[in-house]
Amino acid sequence: MRGIIRVMSGLLMALVGASACGAASSSNASATRLTASGIARTTTAAGTARLELRETLAANPTAGTPARVDVATGTIDLAHARGAVQGNTPGIGAYEIRWIGRHTYVHSPMLAAPTGAHATSRAWIESGAGTDDAVSVDPLTGFLFTADPLALFRSSAARAVTLGHETVRGVTTTHVRVTLDLAALTARLRSEGYTVDDPGRATEPADLWVDAQGRLRRMTSLGRSGGATGPITLELFDYGVRVDVQAPPADQIVHGESSSSSASSSASSSTSTP
């Protein structure tokens, strides 16, 4: 069964390689040389980082949930496409998502719990190669959690427009604007076997803040993805942090056919590293 596993939305947001196709090598370098695909290369080459994802979600009268800002934090290994994020959705509860290769593991009260003798021990839903379920990837908020975490940027080669210089978490950055190619990303992911939501539009403007090494520090977009009603923001920081992500114990894992395909909320989850 090909189900769609939804777990916190702003959380599974999208984002963002060795010398950028013109990535700035100093804070004074001309940002006009920056491209989205170049930033992806430079950021990936940096290896690991901490991340924070924020997304404003619309109220859901049916579920009785008010409008809210969902925040997820975690770590990511960009070079090996793996990571983990945790958050706590107001009114729903705490969740965790881990991705390793093309496998995603989701622990969330938004997913139906399995029944039977092992109902209390099996707390994770698995999706990916070799399972009977597919995770649906939201092009704007879920590409981070695939086998290529920066696919959205690699698929968007347009040159960046410089807007200025700002400080992000104490780091001097160049603020640029790019046009993300959602149509190219969707085609790319589908060719790789992913189930991808229709983005509803071909492109999406986004602002990026890039440090002197050409690494992404922050990304914001207008959102409009899923239940989002406000900006989506991703921040990457503490580059070089240790990332140790392990699959949950086998006796705690069930496959997607036991999940609730209607579990909507904040982020769309998508798979990850080999």
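The values are calculated or read from the model by the stated rules, or taken from the named source; none is laboratory data. Since the model is a prediction, treat every value here as computed from it, not as a measurement. With ideal geometry, Cβ positions are generated from the backbone for all residues, glycine too; neighbour counts draw on all protein chains shown. Side chains included, ligands, DNA and RNA excluded: accessible areas come from the protein's heavy atoms. Shrake-Rupley method; radii C 1.70, N 1.55, O 1.52, S 1.80 Å.
Annotation: amide H-H contacts under 5 Å for R82 (H modelled 1.01 Å from N, sequence separation of 5 or more, or interchain): D77, T273.
If you take all other residues with their beta carbon under 11 Å from the beta carbon of R50, and give Lys and Arg +1 and Asp and Glu -1, the sum is -1. The order of D197, D244 by accessible area, most exposed first and with a 1.4 Å probe, is D244, D197.
In order along region 165-170, phi translates into HN-Hα couplings of 10, 9, 9, 10, 6, x Hz, rounded to whole numbers, per the Karplus curve 6.51 cos²θ - 1.76 cosθ + 1.60 with θ = phi - 60° and x for Gly and Pro. Near R68, the amide H atoms lying under 5 Å from its own belong to L57; only residues 5 or more places off or on other chains count, and H is placed 1.01 Å from N.
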